[in-house]
Amino acid sequence: MSARMPPRFRPSNIVLTLLAVLLALLGLTMTGAARRSQQADRAAADRALVRELGLTDLSLFTEARYGRHLSQADRHSAFQDHPAALEHFPSGGLLPPPPHLAPDPR
């Protein structure tokens, strides 16, 4: 039996491998640039929408009207069914009570 010879690397194989790596890097670069451009366009569109609609507050939750904009909620909207009603939405448990209703820390 004859001993097997190790494979030889041809110069064309090395060139093709380098070309494939360079093309992959070019593709990743172009993808990243497109993503950054898309994010910048989205941010500009969001700013234009806020300016056009005159939005002022951050919408924290989408469930109930008293949880969407805390500064715009009336005092009794959370108790619209009756004063002893249980909380309907989970977001109500995440918000602390207003400072004037919080227990005194003393």
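What follows is calculated from the coordinates using simple rules that are stated; it is not laboratory data. Computed from a predicted structure; not experimentally measured. In this analysis, Cβ positions are derived from the backbone assuming ideal geometry, glycine residues included, and neighbour counts consider all displayed protein chains.
Listing for the model above:
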| item | result |
| --- | --- |
| Inter-label distance for THR56 and LEU94, nm, one decimal - labels placed 7 Å from Cα along Cα-to-Cβ | 2.4 |
| Extension gain from LEU16 to ARG36, taking 0.36 nm per residue of separation minus the Cα-Cα distance | 4.2 nm |
| Per-pair calculated FRET efficiency, R0 = 41 Å: ALA43 and ARG8 via Cβ, rounded to 0.05 | 0.15 |
